[in-house]
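Reading through the structure tokens given below for one structure.
Derivation of every value follows stated rules applied to the coordinates shown; laboratory data play no part. Note that the coordinates shown come from a computational prediction; the quantities given were computed from them, not determined experimentally. Backbone-built Cβ (ideal geometry, glycine too); neighbour counts: all protein chains shown.
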Amino acid sequence: MKPTNLFLLVVLLAFDSACSKDIPTQDMPEVNDENCKPEVIKKINDKGALQEFASKCLHRSGGFQPSQKRQW
């Protein structure tokens, strides 16, 4: 097998394993006043869970209002 083909195979397998749905994710804590503090949010290691949890905390507090959708 040529070195370039081997390299492409390794890259393909790396991308396939990185996008796998079988990777365990961290459970999100319940969204409430105690868990929405920055100290608790920083403890979440999974980046996707952290973003989703922080988003839910922002939307729950009433201090965040998304901008209106615009038609360009």
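Given the Cα-Cα distance of Glu34 and Gln71 and 0.36 nm per residue of separation, how much length would full extension add, in nm?
Working: separation 37, 0.36 × 37 = 13.32 nm, distance 3.87 nm.
Using 0.36 nm per residue and subtracting the Cα-Cα distance, I get 9.4 nm.
If the chain between Glu52 and Leu6 were fully stretched, how many nm would it gain, using 0.36 nm times the residue separation less the Cα-Cα distance? Don't skip to the end; give the middle numbers.
On the way: separation 46, 0.36 × 46 = 16.56 nm, distance 3.76 nm.
Gain on stretching Glu52 to Leu6: 12.8 nm.
Sort 8-14, 26-32, 48-54, 66-72 by the packing proxy (mean of other Cβ within 10 Å over each peptide's residues), most packed first. Spell out each step's value before the answer.
Values: 8-14: 10.3, 26-32: 12.1, 48-54: 14.6, 66-72: 4.6.
So the order, starting with the most tightly packed, is 48-54, 26-32, 8-14, 66-72.
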